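**Student:** One structure follows; several queries about it will come next.
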Amino acid sequence: MLVVVQVLGMSSEDEMIASFLSGELTSRRFGPNLQSHLAAGGQAEQLLTHPDLSDAGANLARRALLAATRGYGENRDLFENFPGRVTWIRALLSADAASGVRYLDYSYWVELSGGSRRPTDAAARIKAGRRAFDVPNEPYVDAAHALVRGERFPPLIFVGERQDALVCLEGNLRLTAHALAGFPTEIECLIGTAPAMGRWAR
């Protein structure tokens, strides 16, 4: 499949970290843990909601937060086998390309998609009333409705060895919402590529 990527500009590790944490802050699953780490460190949510990428101290604080909550830079948890050197860009991904992005290799997403890790397959199963591990599908449906109403989502984060073989690092729920809505718009995203990414983005 031809992947159509419109490059908007270069990005950075600091921007990826800020985007990742901002996305997880509103997550029902990961948000509370992130908020508790912020509180324990005496840090305000503004560190994540209004990141200043020119502030080296704030960038270090966000990196430490992602390490504490998800294992970033420590070769553990979500970031086990994640390469240390990654080239980041800001981009728009076409609907056709976005439909080919795979979920990360995690049991829930494998189950939701019927084993394919494709968001289009997950969307079909959700529409058929299928659940993964009896987890409700309403958040996907609600997000899809919001997308159709014109709501803009934060950038998703995709990674791979190449731009034509991407896995969703952050934003799997939002990716599913796009699939449920039929990919009505291009997807704003950060894309990270590295020759060693195949060890993570299987």
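The values are calculated or read from the model by the stated rules, or taken from the named source; none is laboratory data. Since this is a predicted model, take the numbers as computed values, not measurements. Cβ: placed from backbone, ideal geometry, glycine included. Neighbour counts: every protein chain shown. Areas reflect the complete protein model, heavy atoms only, side chains present, ligands, DNA and RNA absent. Shrake-Rupley method; radii C 1.70, N 1.55, O 1.52, S 1.80 Å.
A quick yes/no check of all residues on (1) without any contact (Cβ under 8 Å) to a residue 40 or more places away in the chain; (2) crowded, with 17+ Cβ neighbours inside 10 Å; (3) charged (D, E, K, R):
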residue	(1), (2), (3)
98	no, yes, no
102	no, yes, yes
116	yes, no, no
137	yes, yes, no
140	no, yes, no
164	no, no, yes
192	no, yes, no
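**Student:** Grab the helices (runs of 4 or more DSSP H) fully contained in the range 89-143, keeping just those with 2 or more residues being within 14 Å of residue 156 (Cα to Cα).
**Tutor:** Per the criteria, 95-98.
**Student:** Something else: From the residues in the range 49-75 that are part of a loop (DSSP other than H, G, I, E, B) and out of contact with any Lys or Arg (no Cβ under 9 Å at 6 or more places or on another chain), which one is least open to solvent (accessible area, probe 1.4 Å)?
**Tutor:** 71
**Student:** Please find, among 198, 150, the residue that is open to solvent by 30 Å² or more (accessible area, probe 1.4 Å) and either farther than 24 Å from residue 77 by Cα or out of contact with any Ser or Thr (no Cβ under 9 Å at 6 or more places or on another chain) (or both).
**Tutor:** So the residue among 198, 150 that is open to solvent by 30 Å² or more (accessible area, probe 1.4 Å) and either farther than 24 Å from residue 77 by Cα or out of contact with any Ser or Thr (no Cβ under 9 Å at 6 or more places or on another chain) (or both) is 150.
**Student:** Moving on. Scan the range 14-44 for residues that are open to solvent by 60 Å² or more (accessible area, probe 1.4 Å) and either of a type in the set (Val, Ile, Thr) or under 15 Å from the mean Cα position of the chain (by Cα) (or both) and jot them down.
**Tutor:** 26, 28, 29
**Student:** Please go through the range 166-190 and give me each residue that is among the aliphatic types (A, V, I, L, M), part of a loop (DSSP other than H, G, I, E, B) and crowded, with 21+ Cβ neighbours inside 10 Å, ordered by number.
**Tutor:** 166
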